[in-house]
Amino acid sequence: MPDHRSPRDILLTAEAMREADRITIQDFGLPGFTLMETAGRNATSSILDRFGPADTMRAVILCGKGNNGGDGLVVARCLAEAGAHVHVVCTASHDAMRDDPAHNFTLLAKLSEAEGDVAERLTLTQYDDVEALDAEANAFRPTLYVDAMLGTGLTSEVREPIRSLVEWLTRQTEPVAAIDIPTGLHSDTGNVLGVCVHADQTVTMASIKAGLVVGHGSIHAGEVEVVDIGMPRHVLDGVATGPGCAFRTTDADLRSWWPERSRDAHKYSVGMTLVVGGAPGYTGAPIMASLAAARAGSGYVACACPESIQPTLAQNLTAIPTIPLPEWEAGLAPEMVTTLAEPLEKARALLVGPGLGRERETQSSIQSFLATIEHPAVIDADGLNAIAGSLGAEDTDLTPNGRWILTPHGGEFRRLAQEKVDLSDPVRTAQTYARRWNVVLLLKGHPSVVAAPDGTTFVGGTGGPALAVAGTGDVLAGLCAGFLAQGLDPVLAAAAAMHLGGAAADRYAEQADPRTLLATDLLDLLPAAAQACVGSSIR
């Protein structure tokens with residue numbers, strides 16, 4: 001991955017984070033206690049930056065018995081030393097703690113019993129029940145809660161007594177800062193494990209946890225800050241290619257991936273895209289996809305469509321030639337393969353599917369056509385329905401060979417898989433099926449995920465709920481094809497399209513109510529979004 005990538009853009013699973021901890025401690029000799037101390041001190045700085053100053057802060061810190069609680073104990077000590085009033089509530093006794101958390105409990109207990117102004121601002125108690133905690137909080141009058149109860153090790157539903165604590169915390173009106181991950185949030189999938197803390201800020205250690213970004217993570221995590229804990233950078237890079245891990249796309253990615261144009265470039269040197277789509281009643285999809293391919297930088301885009309709608313498309317695509325395809329009563333005729341032979345000779349990339357419809361002959365003709373091509377291709381919408389059940393089958397004529405980009409939403413993906421699939425873990429699911437089908441899989445959602453057969457995975461760093469409108473998938477597919485035509489590797493073409501399309505949506509949301517976005521608005525905003533992301537493209 002490029003050198004520009006920061007830990008904020010590396011999404012790790014709990015297992016990968018444990019492995020990074022192990023390597024740092026065992027291979028580099030950096031003690032776990034030092035990592036915890038560094039984590040706690042830097043988390044304190046982030047909390048003070050957001051909720052300070054310390055001298056007016058009154059923080060209730062809820063600490064579990066594990067390493068997450070140990071981080072919270074360090075934060076409690078550092079906040080008290082900085083001048084804050086701190087009330088610590090431990091969910092377990094000192095005897096139930098082990099190793100570094102137990103050591104930090106001892107340090108905090110000694111500090112609370114020592115003479116001086118720090119001890120006067122610090123109290124340390126053990127959780128009894130919600131009623132008692134409610135009384136303590138009312139007497140203390142907190143301005144902030146810090147959640148350090150459960151961390152990345154949680155994989156099952158939150159149990160008592162912490163469940164009641166979480167439910168109580170969600171009823172409080174003061175802001176909440178979570179340490180590493182909000183209690184109750186699955187750190188890999190972002191699923192809520194029964195109950196979950198709603199944080200205003202999450203201070204996470206060393207690198208983003210995947211669950212803070214996917215699933216319900218963005219709803220519960222609030223503003224996410226990554227703090228350095230002294231872990232060597234190459235250790236994080238080394239574990240970031242494991243199952244369930246991913247890289248979040250950035251503007252710097254798009255700058256490094258999108259080919260520059262030389263001053264002597266011409267339309268064919270920067271790549272031709274052939275779009276195959278449309279059906280009676282569905283003319284908008286191929287129009288938007290074709291225009292998006294051109295906006296992505298494809299030098300020449302041609303749109304092949306059923307002959308019955310070709311005049312409509314030609315009237316709307318004044319800068320893009322159209323190719324009429326032969327039809328039968330039940331859809332596209334098999335002779336479409338012959339019609340497309342000549343344009344395919346010049347095309348560098350193919351997009352099949354937008355608005356094709358599900359007529360029987362169309363689906364059959366498209367599957368036969370896909371069995372003949374060797375081009376890099378994007379398969380979208382009804383193109384996906386045409387190949388459902390054929391991918392990975394022993395008797396299939398389809399040979400993606402890693403050159404195809406499939407762009408399903410959840411429903412289309414289930415039809416493709418022809419089996420029960422777990423969409424609650426989109427990163428691992430995309431990785432599994434990209435490898436199984438030997439394709440690049442762009443699984444659309446919030447956020448979208450791109451996975452390659454070799455496991456390389458990207459999660460969208462742009463985009464939001466403004467994209468939840470019909471037609472944005474057609475624009476995305478066109479962007480994918482346009483980038484493919486310029487020679488990008490399929491996984492980078494898909495990731496670039498995901499990032500640029502999301503950036504255009506973000507730009508719209510800055511200017512207008514995101515609920516009013518139309519897919520065609522993205523086409524209008526793509527040039528400005530591209531300029532903001534990458535700057536000049538001429539060398």
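The values are calculated or read from the model by the stated rules, or taken from the named source; none is laboratory data. Computed from a predicted model, the values in this text were never measured in an experiment. All Cβ positions, glycine included, derive from the backbone under ideal geometry; neighbour counts span all protein chains shown. Ligands, DNA and RNA are excluded from the accessible area calculation, which covers all protein heavy atoms including side chains. Shrake-Rupley method; radii C 1.70, N 1.55, O 1.52, S 1.80 Å.
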- Which one is nearest to Asp474 (Cα to Cα) among residues in region 336-385 that are assigned to a helix (DSSP H, G or I), without any contact (Cβ under 8 Å) to a residue 40 or more places away in the chain and polar (S, T, N, Q)? Asn385
- Query: If you scan region 167-198, which residues turn out to be touching a Leu at 6+ places or on another chain (Cβ under 9 Å) and among the aliphatic types (A, V, I, L, M)?
  - Reply: Leu169, Val176, Ala177, Ala178, Ile181, Leu185, Val192, Leu193, Val197
- Query: Within region 397-422, restricting attention to residues that are under 19 Å from the mean Cα position of the chain (by Cα) and open to solvent by 50 Å² or more (accessible area, probe 1.4 Å), which residue is nearest to Val491 (Cα to Cα)?
  - Reply: His409
- Message: Which condition from (1) open to solvent by less than 10 Å² (accessible area, probe 1.4 Å); (2) assigned to a loop (DSSP other than H, G, I, E, B) is the one that Pro259 breaks?
- Response: (1)
- Provide a single number: the residues in region 6-29 that are crowded, with 19+ Cβ neighbours inside 10 Å and not in a helix (DSSP H, G or I). 4
- Query: Do we find a residue being of a type in the set (A, V, I, L, M, F, W, C), open to solvent by 20 Å² or more (accessible area, probe 1.4 Å), under 19 Å from Pro376 (Cβ atoms) and within 36 Å of the chain's Cα centre (by Cα) anywhere in region 339-348?
  - Reply: yes
- Taking region 167-195 and the residues there that are open to solvent by less than 10 Å² (accessible area, probe 1.4 Å), touching a strand residue (DSSP E or B) at 6+ places or on another chain (Cβ under 8 Å) and of a type in the set (A, V, I, L, M, F, W, C), the one that is farthest from Glu225 (Cα to Cα) would be Leu169
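Conditions tested, residue by residue: (1) touching a Lys or Arg at 6+ places or on another chain (Cβ under 7 Å); (2) within 26 Å of Ser269 (Cβ to Cβ); (3) part of a helix (DSSP H, G or I); (4) of a type in the set (A, V, I, L, M, F, W, C).
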{"position": "Val427", "(1), (2), (3), (4)": "no, no, yes, yes"}
{"position": "Thr432", "(1), (2), (3), (4)": "no, no, yes, no"}
{"position": "Pro453", "(1), (2), (3), (4)": "yes, no, no, no"}
{"position": "Ala493", "(1), (2), (3), (4)": "no, yes, yes, yes"}
{"position": "Ala505", "(1), (2), (3), (4)": "no, no, yes, yes"}
{"position": "Ala509", "(1), (2), (3), (4)": "no, no, yes, yes"}
{"position": "Thr520", "(1), (2), (3), (4)": "no, no, yes, no"}
- Query: How many residues are open to solvent by 40 Å² or more (accessible area, probe 1.4 Å) and not hydroxyl-bearing (Ser, Thr, Tyr) if we restrict to region 122-139?
  - Reply: 10
- Task: Kindly state which helices (runs of 4 or more DSSP H) lie completely within region 104-214 and contain at least 1 residues that are of a type in the set (Ser, Thr, Tyr).
- Result: 162-170
- Query: Only one residue in Ile229, Ile219 is β-branched (Val, Ile, Thr) and in a loop (DSSP other than H, G, I, E, B), so which one is that?
  - Reply: Ile229
- Quickly run through region 485-503 and pick out the residues that are open to solvent by less than 10 Å² (accessible area, probe 1.4 Å) and in contact with a Pro (Cβ under 9 Å, 6 or more places away or on another chain). Ala485, Ala493, Gly502
